[in-house]
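Reviewing the structure listed below.
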Amino acid sequence: MSETIRNLISILDMSVEEIDHLIDVADDIVANHDQYEEICRGKKLATLFFEPSTRTRLSFEAAMLELGGSVLGFSEASSSSAAKGESVSDTVRTVGCYADIIAMRHPKEGAPLVASRRTTVPIINAGDGGHFHPTQTLTDLLTIKRKKGELGNITLGLCGDLQFGRTVHSLIEAMLRYPNVKFVLISPEELRVPEYIREKLRSAGVEWCEVESMEEVMPQLDVLYMTRVQRERFFNEEDYIRLKDTYILDMDKLESAKKDLTIMHPLPRVNEISVKVDDDPRACYFEQALCGKHIRMALILNLLGIK
Ligand code: NCD
């Protein structure tokens, strides 16, 4: 409602400079942890999760606790008044009376945007349907920066469910703003990125391609971003079963990969990366989950106007 309230609904709500700043703060949090321990004393974060989550919700909560603040919220719609038929707007407007900042995940695309129009505290989109997931993207950007030293000049492979994978949509939008990024989109025909994302790639004039075979492109990649087939967004179970194991990254497939490949996955993993890959130094997905806490700490400070 007020113009001074900052929300994070889409990754494009943050400029490249602001993202650089968040990355610097996240690194400073690691380097000077004790300076941040009390910085959010008296502040409350509400996590309103209408869809399942492990990393996003818990990393938000851990982030706020490590900043000295408190957390409240719910982890499923059935334990909130949504189960009684309350609208998202009413829920969020109410929670805005109890918390200083809200992170919200909802199965309906656009729900966090609608919510942000009805509250006086910052709203963070923690995933809206198959649409966007900007804080996962901040996590991914921090991971790429830490592993590669920069966010441009890479060949980025995105593999799996590119149609429904919201993390992929936000990551492509973000990476389109950095120089000399080549996009290699690896998916079955039916799970290609939505047309609006393809249009963004076309109009950005970047180098990009769509392929079905992971093996064919493996040697080119600097970063390989694996994703799970999003079962909950499928219209029928048969299609899911047919497509779910299209890609399984294993040690054999990594034979032809670069020695300094960065393997990422927003997690949860189902079957798309063999557990044997976990011990390979190129596997970064658990480190990525840790980056999620650091960048969310930086984000909370930023949206609360603290640092
Ligand atoms: C992702 C999500 O919720 O979109 N998970 C996450 O937040 N780390 C990816 C997924 O569920 O497949």
* To do: Kindly indicate which of Thr143, Thr246 is in a helix (DSSP H, G or I) and within 16 Å of the ligand (Cβ to nearest atom).
  => Thr143
* Condition check for Val92: over 13 Å from Arg296 (Cβ atoms), more than 16 Å from the ligand (Cβ to nearest atom) and not assigned by TED's automatic domain parsing to the domain that holds Ser170 -> yes
* Asked: Failed condition for Pro179, given (1) assigned to a helix (DSSP H, G or I); (2) surrounded by fewer than 15 Cβ atoms within 10 Å (Cβ to Cβ), with all others met?
  -> (1)
* To do: Name the one entry in Val168, Val114 that is farther than 25 Å from Asp28 by Cβ, outside the structural domain of Phe50 (by TED's automatic domain parsing) and either surrounded by fewer than 24 Cβ atoms within 10 Å (Cβ to Cβ) or modelled with pLDDT of 95 or more (or both).
  => Val168
* Structure fact -> Residue hits (region 182-220; assigned to a helix (DSSP H, G or I), hydroxyl-bearing (Ser, Thr, Tyr) and farther than 22 Å from Leu151 by Cα) are Tyr196
* Asked: Based on what the data block shows, is Gly149 assigned by TED's automatic domain parsing to the domain that holds Ser187 and surrounded by fewer than 21 Cβ atoms within 10 Å (Cβ to Cβ)?
  -> yes
* Structure fact -> Inside region 249-265, the number of residues satisfying the requirement of being part of a loop (DSSP other than H, G, I, E, B) and either away from the ligand (no atom under 13 Å from the Cβ) or at positive phi (or both) is 8
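The values are calculated or read from the model by the stated rules, or taken from the named source; none is laboratory data. None of the values given here were measured: they were computed from a predicted structure. Note: ideal-geometry Cβ built from the backbone for every residue, glycine included; neighbour counts use all protein chains shown.
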